[in-house]
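Novice: Quick one: the structure is below, and I'll ask about it shortly.
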Amino acid sequence: MSKNIFKKSSLLLGAALFTFNVSLFTSCSDSFLDEESGHMLTDELLETGEGALSMAAGLYSNLRWHFGYEWAYGITLYGTDEFTNGADLTSECWNTYDNRLNPLDLTPALGAANKNCPAVSALWDEMYYGISTANLVLSRANLVSDESQRNQAMGEAYFLRGYNYYRLFAQYGAVTLQTEPTDADKIVKYYKRATEEETLNQVISDFENAYQLLPTKKTRGNGSWTRYTAAHFLAKALLYRQSERCKAWNGSYPSATDLNRAIQLCDEVIAACPLAPDYRSLYADWTGVDCPNEGLSEILMVAEHNDASSTQGRFGNRTYNYFNPQFSNFSGSWTQRGQYIGGMDFQRCRPTEYAYEIFDNVNDSRMWKTYKTVYGLNNVPKGKTPAVVAKENGIQESQVPGLGDNGILFILNKKDDPRFQDETTYGTFGRGAVAHSFVHPETGKWVPNVFPVYLGGKYVLNTYGVNGNPAQSNVFCGINKTDDGTRTAEKGDSHRDVIMARSGETYLIKAECQVRLGNFDDAIATVNKLRARAEWKQGEDREYYSDGSQAFSKNSTGAAILGKCYPNADNKKEDRLTNIQAFQASYLTKSTYYLSTGIARTTNASSLQIANYTQLPAEDEAILNELGITDTKERLINFIFNERTRELLGEWNRWEELSRADLLVKRAKAFNPEAAPNVQARHNYRPIPQKFIDTLQNPDGTNLSDADKKAWQNPGY
């Protein structure tokens, strides 16, 4: 009789004994997202080519884990120069680097704010699940008779294994290398920890194999890994080997060899996967499930989601929760939340001052296609008649707004803007519950919530929060890259793909390689090509705004009644808004571009081109001065990281990239006030999970000594 392969078995590479996850395996078809994943694979099926192909198709589901919970941002964005925590402290220790970030999984009993704090063992455990599955595919691939199918299955397995080891290496450094399937009947408690060199070389080898074997076409749909996906990550890995975190051992690898190969790979990707013509189409113009923009040639890798049940549930896409300010709390009820606003206001990821400061707010369209600066007024709070509002705020009754007017404005101004040196030009600013006199110069209407970034030459955006603590402010201008108006419930799973790699980043990998080779002019030329896409085009409306909220208008549930949302100050039940009405009131397709910049209206093209590497844009020079950097090569590497912010803000890899280049500590200290007091060199690595170390044994079956356990742990933990 056949035994079931999913019996309690498998590995000890994480917190405890692993069991294979049925959801990793699916049947083989052109659309792996829509496959039935609930059946079981037996040993007999695994001894067939069909079984190997089924496992290869199932590898993709391992990616969805990354975006199903708080670790999506906690281990990738927190504690960096770009993002800090809002007033919600779910993952605070990952941002502040306090003593709660240690080898133990943080629970409320150990000081966590709640049960949702990302565990230090989470990535470790899940990456090894994927690795074990990839090893099985590679061990069975010889059973596939068709060469092209066999090559693709092997290429997919090599890619996932390489990617998972890349993530493990980037977070933990040296880890255990497991490249053969583990006997399902054998419990293994002894593992050797490879060196960092061995770990990264395994990553490079796996990506190289994937590059050689994967097809050039997306044969499984938009989420398919191709030769170009592998080329992108192979280039990243080769750059990593020549970066500062590897300086203790990379001397035996000629930098010119690695970096020139990486540039060659980047050129191949750039040629085959051209940039989308408009930056807006990558994120802001998401119009619904499986919309055409999810198939843009620029997109190299995604965690695929749609409205199929197989992509939802425990590890469904939860990323829409993390980037909005807590408007339902601070707005004074003038703007209320619902699925018609594409992001939930969980206020986890609050941009730092640097994340606003680094943009040219006049000429760089990426700022205005990324930040959500306007929320419409979709509710009038009880008792707020025009007479009451006018008296409270010192304005005229004719200036009191109504449904569909501006409810929240964020003014992304510059520090030296003369209009904001005091509060005389536009009146005073504030949130809904605080009297203020701002009247929008374009509409002639008072705005219930209005916040500049700078006032009197000082950063003030973080001072408007409800609790009064700038270190935990719930008021900030968030980004729109995860917004989704198709959610069938306010807290339901998102249906949009999560982009994990695109050729916009490939340009920046290439440029950094060129800088490291000393080819400074070439690096600027490469970045200029990317910046050209970010320029305003002739005839473009610079004030136009869009985000994934627009998909709500196509939602079949749009006619549902939104409870407790009334359109007038008398709060008559019969006048309450439907969701569609609330959407129409809250989703305004305008930004604060002209209010923020103060320039005259124009539809002229802009320029972001850099003429010479010795004269960088004013925003970059200001940052370099704050960092005290004068060396040309170091200046340009930091410039590349500034450009990474402008191009890739919030795209899930900032912590790993800063750690790679040994910039994490310096830039977090300079630009993240909440991280600055505690961050230090040891934080370039995460702690190895203690519950894994505690279960290890020596080859003879004896337990590890305290000294042995300490040797397993990363320094400083």
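Novice: When the range 596-610 is examined, which residues are found to be open to solvent by 10 Å² or more (accessible area, probe 1.4 Å) and either part of a helix (DSSP H, G or I) or out of contact with any helix residue (DSSP H, G or I) (no Cβ under 6 Å at 6 or more places or on another chain) (or both)?
Specialist: Across the range 596-610, the qualifying residues are 597, 599, 600, 601, 602, 603, 604, 605, 606, 607.
Novice: Taking the residues in the range 596-623 that are in contact with a Ser or Thr (Cβ under 8 Å, 6 or more places away or on another chain) and not aromatic (Phe, Trp, Tyr) as candidates, determine which candidate is nearest to residue 642 (Cα to Cα).
Specialist: So the residue we want is 614.
Novice: In the list 210, 174, which residue meets the criterion of being open to solvent by less than 40 Å² (accessible area, probe 1.4 Å), among the aliphatic types (A, V, I, L, M), part of a helix (DSSP H, G or I) and touching a residue at least 24 places away in the same chain (Cβ under 8 Å)?
Specialist: Result: 210 is the single residue among 210, 174 that is open to solvent by less than 40 Å² (accessible area, probe 1.4 Å), among the aliphatic types (A, V, I, L, M), part of a helix (DSSP H, G or I) and touching a residue at least 24 places away in the same chain (Cβ under 8 Å).
Novice: If we keep just the residues of the range 611-627 that are assigned to a helix (DSSP H, G or I) and not charged (D, E, K, R), which is most open to solvent (accessible area, probe 1.4 Å)?
Specialist: Ranking the qualifying residues of the range 611-627, first place goes to 625.
Novice: List the residue pairs whose Cβ atoms are under 9 Å apart, where the first residue sits in the range 689-717 and is over 27 Å from residue 678 (Cβ atoms), the second is open to solvent by 50 Å² or more (accessible area, probe 1.4 Å) and part of a helix (DSSP H, G or I), and the two are 6 or more positions apart or on different chains.
Specialist: What qualifies is 696/708; 696/709; 698/708; 704/711.
Novice: When you scan the range 689-711, do you find a residue that is outside any helix (DSSP H, G or I), at pLDDT 95 or above and within 21 Å of the chain's Cα centre (by Cα), even just one?
Specialist: No, the range 689-711 has no match at all.
Novice: Moving on to the next point. For residue 217, which of the numbered conditions (1) more than 25 Å from residue 253 (Cα to Cα); (2) of a type outside the set (Phe, Trp, Tyr); (3) buried (at least 23 other Cβ atoms within 10 Å of the Cβ) fails to hold?
Specialist: Here residue 217 clears every test but (3).
Novice: If residue 633 satisfies all but one of (1) surrounded by fewer than 15 Cβ atoms within 10 Å (Cβ to Cβ); (2) not in a helix (DSSP H, G or I), what's the number of the condition it fails?
Specialist: Single failed check for residue 633: (2).
Novice: Any idea which residue in the range 480-497 is surrounded by the most Cβ atoms within 10 Å (Cβ to Cβ), counting only those that are modelled with pLDDT of 95 or more and of a type in the set (Lys, Arg)?
Specialist: 496
Novice: Scan the range 445-474 residue by residue and report those that are assigned to a helix (DSSP H, G or I) and β-branched (Val, Ile, Thr).
Specialist: 463
Novice: With 276, 256, 271 as the choices, which residue is without any contact (Cβ under 8 Å) to a residue 12 or more places away in the chain, aliphatic (A, V, I, L, M) and either open to solvent by 10 Å² or more (accessible area, probe 1.4 Å) or part of a loop (DSSP other than H, G, I, E, B) (or both)?
Specialist: After applying the criteria, what remains is 271.
Novice: Filtering the range 638-669 down to residues that are out of contact with any His (no Cβ under 8 Å at 6 or more places or on another chain) and not in a helix (DSSP H, G or I), which residue is most open to solvent (accessible area, probe 1.4 Å)?
Specialist: Among them, the one singled out is 662.
Novice: May I pose another question? List the pairs whose first member sits in the range 61-80 and is surrounded by fewer than 24 Cβ atoms within 10 Å (Cβ to Cβ), whose second member is at pLDDT below 95 and of a type in the set (A, V, I, L, M, F, W, C), and whose Cβ atoms are under 7 Å apart, counting only residues at least 6 apart or on separate chains?
Specialist: If the second residue must be at pLDDT below 95 and of a type in the set (A, V, I, L, M, F, W, C), the pairs left are 62/24; 64/315; 65/315; 68/315.
Novice: Here is a further query. Could you tell me how many of the residues in the range 83-113 are part of a loop (DSSP other than H, G, I, E, B) and either open to solvent by 10 Å² or more (accessible area, probe 1.4 Å) or more than 17 Å from residue 680 (Cα to Cα) (or both)?
Specialist: 18
Novice: For the range 613-639, which positions are among the hydrophobic types (A, V, I, L, M, F, W, C) and either within 20 Å of residue 282 (Cβ to Cβ) or touching a Lys or Arg at 6+ places or on another chain (Cβ under 8 Å) (or both)?
Specialist: Of everything in the range 613-639, those that are among the hydrophobic types (A, V, I, L, M, F, W, C) and either within 20 Å of residue 282 (Cβ to Cβ) or touching a Lys or Arg at 6+ places or on another chain (Cβ under 8 Å) (or both) turn out to be 616, 624, 627, 629, 637.
Residue by residue, here is whether (1) hydroxyl-bearing (Ser, Thr, Tyr); (2) under 30 Å from residue 626 (Cα atoms); (3) free of Cβ contacts under 8 Å to residues at least 12 places away in the same chain holds:
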position: 292; (1), (2), (3): no, no, yes
position: 296; (1), (2), (3): no, no, no
position: 333; (1), (2), (3): yes, no, no
position: 345; (1), (2), (3): no, no, no
position: 380; (1), (2), (3): no, no, no
position: 383; (1), (2), (3): no, no, no
position: 392; (1), (2), (3): no, no, no
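Novice: Quick one: which of 143, 168, 160 is modelled with pLDDT under 95 and among the hydrophobic types (A, V, I, L, M, F, W, C)?
Specialist: 143
Novice: Kindly evaluate residue 116 against the criterion of being open to solvent by 10 Å² or more (accessible area, probe 1.4 Å) and more than 17 Å from residue 322 (Cβ to Cβ).
Specialist: No, not satisfied.
Novice: So is residue 449 touching an Asp or Glu at 6+ places or on another chain (Cβ under 6 Å), surrounded by 18 or more Cβ atoms within 10 Å (Cβ to Cβ) and of a type outside the set (Asp, Glu) or not?
Specialist: In short, no.
The values are calculated or read from the model by the stated rules, or taken from the named source; none is laboratory data. The shown structure was predicted, so the numbers you read here are calculated from the model rather than taken from an experiment. When we count neighbours, we look across all protein chains shown, and the Cβ atoms used for this are built from the backbone with ideal geometry, even at glycine. Side chains are part of the model used for accessible areas, which takes the heavy atoms of the whole protein and leaves out ligands, DNA and RNA. Shrake-Rupley method; radii C 1.70, N 1.55, O 1.52, S 1.80 Å.
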